[in-house]
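The structure under discussion appears below in the form of structure tokens.
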Amino acid sequence: MSHRPRTALPQGFLTPRTLTRRHKRRAVKSCALLLAPLSVGLAACGTGNSSGDPLASAPYDATDAVSVSTRADATDVDPNQPLKVTSRNGDTLTDVTAADASGRVVPGELSADGKSWHSTGPLAAGAHYTLDVGTENQDGAPGRRTMDFRTRPASKHLNVKLGPQNGTYGVGMPLTAELSRPVKERRQRELVERALKVDSQPRVEGSWHWVDSKKLHYRPRSYWPAHATITLRSSLKGLKIRKGLYGGKAKPVRMKTGDRIVAVADASSLRMTVKKNGRTVHTMPITTGKAGYETRNGIKVILTKEPYVRMTSASIGASDFYDLGVHWATRLTDSGEYVHGAPWSVGSQGVSNTSHGCTGMSSENAKWFFNTVREGDIVQHVNTAGEKMAPFGNGFGDWNMDWKEWRAGSAVDHGRPVGNGAADAARLRPQV
């Protein structure tokens, strides 16, 4: 962090550099007056150092004028110890910058007299630093000292797994970050959250939400734009999280979105309407969960596409026996809600709800749906008698939480403690 001691001096106090700069401005004004009548006046205003201006000289080597708390080229500097810089021989420190190879600058504080500087934040572990110190001697001449050192590596790391995998997804796919260790204190969560960098083109408003002490989700206020490019990276490596724990490596994510595909399944009209970029492209009859097995109401994100799934009554504890091979199955929840082909219920589709929680349709319609959608696309169920889709714990129900509540789960956006917003995970069994 660069600092200038004159900001800490009493108002009206002039440093040698300030005086030199005022004399320099006067010289420029004098040059302007001489320029019109006397061309020979140009010689007095050249770019050389004939005027004796110390600021026009190259900085002198300030190695002997500056003392640093660590030796140059050290490889085992303790990142928990403050970095200190002290002037010698009466020189004044004008600016001090310590930055690692990633460009992260160490915060610091310069004394009022400009004779010393110390870091006010921890250094990163296992990082290469460059320290750049500017000085000024009693004659106002500038000096410079630059040195490198490396901090010792950490013994314990907070690793981060970022998701999803690189690829193209639907506009409902959230970003995820899974931590290898729990982080509960607000200040530590804020540090972690600020280190998780999201960039989207085009730009949209978005926020992280702490699902629990080891998991975060990121989503925009509304769905991602179609054909957007989103990148997620972590700058947590080497940062001190708490005593003995430092940030580890994380593989970045590059995600793109395809067309905006949103399917709305109405359990009352027993129709599904599929829209692509706002235009209706298909409407089809469906059947959803019958009494006792009602389909969840709310917004769901497509998790996987499975050409064939075996579904049995034992998997959900159903009293009526079934054992079926299901084709063109598009999974919506971890607990086993699918959109799939149900040729055995074609007579009920568009007429009544007869499934065990899934959305059934003809094999032809199921194949069309399967081939049209991708992971991350949206399926919204409305007018069911089922419970509301949980935001977490059963797939991606993130969009069922309103924006105000979502932002309240951020350690950065709001000043109150964040809790564990995760619902208990439902049984990971398919339903039909």
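The values are calculated or read from the model by the stated rules, or taken from the named source; none is laboratory data. Note that the structure is predicted; figures quoted are calculated from it, not measured. When we count neighbours, we look across all protein chains shown, and the Cβ atoms used for this are built from the backbone with ideal geometry, even at glycine. For the accessible areas, the whole protein counts, side chains as well, though only heavy atoms, and no ligand, DNA or RNA atoms are used. Shrake-Rupley method; radii C 1.70, N 1.55, O 1.52, S 1.80 Å.
Among the residues of the range 131-152, write down those that are open to solvent by 80 Å² or more (accessible area, probe 1.4 Å) and within 22 Å of Lys115 (Cβ to Cβ).
Gln138, Asp139, Arg144, Thr146
Just need a number here: residues in the range 168-196 that are open to solvent by less than 30 Å² (accessible area, probe 1.4 Å) and not basic (Lys, Arg).
Residues meeting the conditions: 16.
Residues Ser207, Ser213, Ser234, Ser155: which one is open to solvent by less than 20 Å² (accessible area, probe 1.4 Å) and polar (S, T, N, Q)?
The conditions single out Ser207.
Out of all the residues in the range 320-376, which are part of a helix (DSSP H, G or I) and touching a residue at least 24 places away in the same chain (Cβ under 8 Å)?
Ser345, Ser363, Asn365, Ala366, Lys367, Trp368, Phe369, Phe370, Thr372
Of everything in the range 351-393, what is among the polar types (S, T, N, Q) and open to solvent by less than 10 Å² (accessible area, probe 1.4 Å)? Give them in sequence order.
If the condition is that a residue be among the polar types (S, T, N, Q) and open to solvent by less than 10 Å² (accessible area, probe 1.4 Å), then Thr359 is the only one that fits.
Against the definition (closer than 28 Å to Pro79 by Cβ and of a type in the set (Val, Ile, Thr)), how does Val198 come out, yes or no?
So Val198 fits the description; yes.
Looking only at the range 242-266, filter to residues that are open to solvent by 10 Å² or more (accessible area, probe 1.4 Å) and small (Gly, Ala, Ser); which one of those is farthest from Ser155 (Cα to Cα)?
Among those residues, the one meeting the criterion is Ala250.
For the subset of the range 67-110 comprising residues that are free of Cβ contacts under 8 Å to residues at least 40 places away in the same chain and basic (Lys, Arg), which member is nearest to Ala195 (Cα to Cα)?
Lys84
Could we say that His282 is modelled with pLDDT of 95 or more and either open to solvent by less than 10 Å² (accessible area, probe 1.4 Å) or over 30 Å from Glu178 (Cα atoms) (or both) here?
It is true that His282 is modelled with pLDDT of 95 or more and either open to solvent by less than 10 Å² (accessible area, probe 1.4 Å) or over 30 Å from Glu178 (Cα atoms) (or both).
For residues that are under 32 Å from the mean Cα position of the chain (by Cα), open to solvent by 50 Å² or more (accessible area, probe 1.4 Å) and over 14 Å from Thr70 (Cβ atoms), tally how many sit in the range 82-102.
Counting residues in the range 82-102 that are under 32 Å from the mean Cα position of the chain (by Cα), open to solvent by 50 Å² or more (accessible area, probe 1.4 Å) and over 14 Å from Thr70 (Cβ atoms) gives 2.
Is the range 119-130 home to any residue that is crowded, with 19+ Cβ neighbours inside 10 Å, under 25 Å from Tyr60 (Cα atoms) and under 23 Å from the mean Cα position of the chain (by Cα)?
Checked against the condition, which is being crowded, with 19+ Cβ neighbours inside 10 Å, under 25 Å from Tyr60 (Cα atoms) and under 23 Å from the mean Cα position of the chain (by Cα), the range 119-130 yields no hits at all.
Take residues that are under 12 Å from Asp377 (Cα atoms) and either among the aromatic types (Phe, Trp, Tyr) or under 32 Å from the mean Cα position of the chain (by Cα) (or both) and tell me which of the strands (runs of 3 or more DSSP E) falling wholly in the range 259-304 contain 2 or more.
Result: 261-266, 271-276, 298-301.
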